Structure formats: structure tokens, C-alpha cells
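Just below is one structure, and these are the notes that go with it.
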Amino acid sequence: MVWVIYKLKHDRVIRFGKIGKTILLFLFVMFIGYFINVFRFDGREMIMAASYFARFVLYIVMAFITFDLLKNDRKKYFLMVAVGAMMFSFFFISVLGFLQLHYFPSFLDLGMDAQGWDPHIGRLLSTWFDPNFVGGYLAFMLSVVLALGLYFYDCKKQLYSFLFVVLTLIGMVALYYTFSRSGYLAFAFSVLGLTFFKSRKLLIVFILVGLLGIGFSPRVQERVGNAVDSAKALIGVDSQRALDPTARLRVDSWNNAFEIIHDHPWIGVGYSRYSHEIIARGHGLASDHNVGGSDSSLLTLWATTGIFGLLTYLLIGFVAMMVAVRRISQKKDFKSYLNVGLLAAFFGIMIHSVFVNSLLYPLLMVYLWTGLGMMDEG
């Protein structure tokens with residue numbers, strides 16, 4: 001609201017970078033899909049969907065605001081403030097996670113299992129109520145923290161590099177105790193991205209860290225082992241093994257999404273109409289807290305916005321990658337290292353979104369769209 005007032009009083013020029021223009025295309029496709037579906041579904045449902053669509057637009061506007069403020073800030077004060085706020089929130093969410101794990105190690109302690117929440121026994125949730133979402137967030141932010149830590153190390157700023165090492169360790173321990181396989185996988189792909197662009201040594205270090213983490217925790221061994229067995233069963237390598245319960249629910253969710261995609265491949269059923277469509281087809285929902293979509297953001301986008309919506313969303317990622325790579329190849333300043341971290345973070349979160357609806361999770365969207373605004377260039 002402050003930004004809107006400022007634009008109206010002092011600067012009425014709205015600036016869109018390369019990524020911003022692609023985001024506008026995506027919004028246009030979403031709006032067309034919603035408008036077409038207005039005539040096909042119940043009015044109450046479409047009004048509710050419109051409210052969620054408006055909320056989604058407000059999150060996307062964060063990318064435009066971030067880009068506009070960075071474009072007008074010649075001394076880059078806003079960039080420092082924004083990055084500092086991200087680092088503080090990362091530290092704060094991690095510490096709250098440790099406190100939650102100590103005082104409330106499961107939702108059984110709070111009686112929230114009676115309200116439809118999974119018990120999540122002995123897993124770090126922080127204030128996010130779900131270890132997979134907070135695991136994706138921690139993996140995303142760890143990539144940015146590592147990239148900036150490399151920047152200060154290369155600049156020989158020892159105090160800052162030490163602080164980022166400490167922040168990295170805190171974040172990694174927090175991610176470890178989520179016991180989230182999708183979070184681990186997202187972080188692994190983020191590290192691969194950082195390795196490719198900046199430091200080959202990181203790969204060796206994190207392979208050793210990963211092996212130590214698996215070796216010291218029977219629970220991590222069990223989680224990783226079940227994931228490997230489920231993957232083998234899913235692709236038919238070992239048909240004798242059954243999917244674990246979590247993987248079974250995830251596959252069922254994917255199948256429900258594919259059913260909608262099969263019937264509405266081009267324009268989808270309208271943004272935020274996924275839960276209504278699932279219920280109308282007689283599948284029901286896992287719980288009242290699982291109404292946003294399938295256990296895959298990409299399938300959710302395809303089912304709700306159609307193939308055109310999915311492709312334009314992926315186009316945002318492609319343009320962001322081109323913008324980031326161009327900056328990385330041309331300069332070696334703070335912004336280039338930040339772009340490396342954000343690009344690697346988006347690699348990881350895209351993998352994460354195959355298994356969790358993370359790209360459309362409100363708390364994560366704050367960081368995703370702000371990150372895109374930081375990466376953008378006119």
C-alpha cells in the first residue's frame with residue numbers, strides 16, 4: 001500500500017523488467033482461463049476462486065515492487081535491506097523450529113491431530129505446520145546464504161564470511177531435523193547449481209556432509225531408504241516392493257490431477273477451483289488443510305490454468321535463468337553472487353514442487369516472487 005501511494009504521488013511510471021513482462025503474460029493467460037470458466041461452474045465457487053486469484057496477484061505484485069524499488073535505488077540500499085530481512089527471517093524461522101522441536105515435538109502434544117493435522121512426530125515444523133514446506137523453504141534460503149557466504153569469502157571479508165558460515169550451519173541442522181525427503185532433494189539440486197556456477201569444492205563437502213548425516217541417524221536412513229524403494233516400485237524396477245504410505249498418497253494425488261488434466265487440458269478448470277473439482281469427482285480431500293491443489297505444483301497449474309498457463313509459468317523460469325546467467329557471466333559483484341544463489345535456489349524449489357505444492361504455498365511465495373524481482377533486469 002505504501003508503494004502504491006508513493007507511485008500515485010511521486011512516480012506514476014510502472015516499470016517491468018524482462019521477467020516482469022513474462023509474469024504479466026502468465027497473469028493474462030490465467031485471467032482468460034478464469035473468465036472462460038465463469039460460465040461453466042457455480043457462481044459461489046467462482047467468486048471464492050476470484051478471491052484466491054486476487055490474493056495470488058498480490059503475491060506476484062511483490063516481484064514488480066521489488067524490481068521497481070531496486071531500479072530507483074542507485075545506491076542499492078533497498079537491496080541490502082531486502083537481503084538482510086531475508087537472512088533475519090531465515091535465522092528466526094530456524095531458531096523457532098528448534099524451540100518447537102524441543103517444547104512441542106509433535107502435534108499430538110497440541111491435540112491438533114484431532115483437527116486433521118498429521119502428527120509429525122519428532123520433526124521440525126517451526127511456525128509452518130508442515131515439515132515438507134519448511135524443508136523447501138530452508139533449502140531455498142540455504143542456497144542464497146551459501147552464495148553470499150562465497151561472495152564474502154572471495155572478498156576476504158572474514159567477519160561476514162564467518163557469520164554466513166554460522167547461518168549455514170544453523171539452517172542445515174534445521175533442514176536435517178525436518179526429515180523431509182523433498183527438502184533434502186531440493187537442497188541437493190541447489191548445491192549442484194551452486195557447484196556448476198561457483199565452486200566445485202562445495203559438491204565434495206556436501207557429499208561428505210550428506211553421508212555423515214545419513215550415517216548418524218537411523219531415522220534419516222529409514223526415510224531415504226523408503227524413498228529409494230518407493231522410486232524403484234514407481235518406475236517398475238522392483239515391482240515386489242510397495243510404495244510407502246506417504247508416496248502412495250502422493251501418487252493418488254497425482255492421478256487425480258491427471259484425471260482433471262485429461263478432461264480439461266487446454267484452459268484447465270480455473271485457478272483455485274481444484275478442491276471443488278476433486279470433490280465433484282468423488283475423490284475427496286486428504287484433510288480440510290489440503291485444499292490448494294495436487295501434491296505437485298506443476299500438475300496443479302496444468303489442471304487449473306491449462307497447458308498455456310503451465311507453459312507461460314515455465315517461461316518465467318526460463319527468462320529468469322537467462323537474466324541471471326547473463327549477469328553472472330558479465331560481473332562478479334554482490335548482485336551476481338545473489339543471482340547465483342537465487343538461480344540455484346529456484347533449481348531446487350522446482351524439483352521440490354514435483355512432490356509438494358510449494359510454488360503455490362503462500363509463505364513460500366513471499367520469497368519466490370521477491371527473489372524474482374531481485375533477479376530481474378530492465
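Just so you know, all these numbers are worked out from the coordinates, no wet-lab data involved. Bear in mind that the values here come from a model prediction, so they are computed numbers and not experimental data. In this analysis, Cβ positions are derived from the backbone assuming ideal geometry, glycine residues included, and neighbour counts consider all displayed protein chains.
A few remarks follow.
- Of ILE47, ILE261, ILE14, the one that fluctuates the most in a GNM where the chain has Cα springs shorter than 10 Å: ILE14
- Estimated from helices alone, the mean residue ellipticity of the chain at 222 nm is -25000 deg cm²/dmol (sum of -39500 (n - 2.57) over DSSP H runs with n ≥ 4, per residue).
- For VAL173, VAL340, order by how many other beta-carbon atoms lie within 10 Å, fewest first: VAL173, VAL340
- For Rg and Dmax of the Cα atoms in Å, calculated from these coordinates, the label among (1) 24.1, 79; (2) 21.2, 68; (3) 19.5, 64: (2)
- On full extension, the segment bounded by ALA85 and PHE35 gains 14.2 nm, given 0.36 nm per residue less the C-alpha separation.
- Comparing SER143, SER89, SER253 in a Gaussian network model of the chain (Cα springs below 10 Å), the most mobile by mean-square fluctuation is SER89.
- When each of LYS18/LYS157; LYS71/LYS198; LYS157/LYS201; LYS76/LYS332 is checked by Cα-Cα distance, pairs over 28 Å: LYS18/LYS157
- Ranking of HIS352, HIS262 by count of other Cβ atoms within 10 Å, fewest first: HIS262, HIS352
- Computed E for MET322/ARG248 - FRET, C-beta separation, R0 41 angstrom, nearest 0.05: 0.60
- Whole-Å semi-axes of region 102-223's equivalent ellipsoid (Cα gyration tensor): 30, 16, 12
- For LYS332, LYS18, the sequence from fewest to most other C-beta atoms within 10 Å is LYS332, LYS18.
- FRET efficiency estimate (nearest 0.05) - Cβ-Cβ, GLU259 to PHE28, R0 25 angstrom: 0.40
- In this Cβ point-charge picture (+1 for Lys and Arg, -1 for Asp and Glu), the chain has a dipole of about 1760 debye about its Cα centre.
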